[in-house]
Amino acid sequence: MMKEVEYGEFNVKNLIVSLFIMFLSLPLAADVGEGELSSYKSLFLKKIISSNPGRESEIRRCMDGIIKDGSSGVRLIDKFGLFLYDSRNNNLSLERIKYFRDGNISIFMITLKDNSDSTLYNLFLEYSYESARGAYKLTDISFSMIFADKIKSVSEFFGGS
């Protein structure tokens, strides 16, 4: 067990935890910078709004929602920005996004195109909003057959367990 050593406002245990978290986030920071991520988030938001006319305010509200993991969380728009970044790096382009909402359920149907052979792939994500947690939770996910071998890793990426 680690013994806490305090020096006034300075807590060694908190410093070690902070350094550990920074160390874990370095690979992501090395891959995509804040400005670049911002542009991917903007591209995703522009695409989902243009694919779902008249629903901008509810889409923006949903995109500002949080997926919680323990005591931390990440906004949905940040997840989708990272997804778009990763898709572009894998030669996939975002064709369209259909958004549906029914009560506390939000559904995303995302169509991607493989730029090397023009094959279209579909990704279905269903999130439920849990008001007690104040966060979204991934409740269902499905892919085109091409993604079947990656379902576990993609499910975990979008906040599933």
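The values are calculated or read from the model by the stated rules, or taken from the named source; none is laboratory data. Just so it is clear, the model here is predicted, and its values are computed rather than measured. Methodologically, a virtual Cβ is constructed for each residue, glycine included, from the backbone with ideal geometry; neighbour enumeration extends over all protein chains shown.
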Note to self: List the residue pairs whose Cβ atoms are under 9 Å apart, where the first residue sits in the stretch 71-82 and is basic (Lys, Arg), the second is not in a helix (DSSP H, G or I), and the two are 6 or more positions apart or on different chains.
What the structure shows: ARG75/ASP64; ARG75/GLY65; ARG75/ILE66; ARG75/ILE67; LYS79/ILE67; LYS79/PHE158; LYS79/GLY159
Next item on the list: Report, by residue number, each residue of the stretch 85-129 that is over 19 Å from SER50 (Cα atoms), among the acidic types (Asp, Glu) and more than 17 Å from the chain's Cα centre (by Cα).
Entry: ASP102, ASP114, ASP117
Next item on the list: For ILE97, indicate whether it is modelled with pLDDT of 90 or more, in contact with a Ser or Thr (Cβ under 6 Å, 6 or more places away or on another chain), within 17 Å of LEU138 (Cβ to Cβ) and not in a loop (DSSP other than H, G, I, E, B).
Entry: yes
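Select from the stretch 141-161 the residues that are assigned to a strand (DSSP E or B) and out of contact with any Gly (no Cβ under 9 Å at 6 or more places or on another chain) and write down the one among them that is modelled with the lowest pLDDT.
Filtering the stretch 141-161 for residues that are assigned to a strand (DSSP E or B) and out of contact with any Gly (no Cβ under 9 Å at 6 or more places or on another chain), the one modelled with the lowest pLDDT comes out as PHE143.
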Check: What number of residues in the stretch 82-94 are in a strand (DSSP E or B) and under 16 Å from LYS46 (Cβ atoms)?
Finding: 2
Note to self: Please count how many residues of the stretch 65-81 are farther than 15 Å from LYS46 by Cβ, modelled with pLDDT of 90 or more and buried (at least 16 other Cβ atoms within 10 Å of the Cβ).
What the structure shows: 6
Checklist line | Pick from the stretch 108-140, criterion basic (Lys, Arg) and either in a loop (DSSP other than H, G, I, E, B) or without any contact (Cβ under 8 Å) to a residue 24 or more places away in the chain (or both), ranking: nearest to PHE44 (Cα to Cα) | finding: LYS113
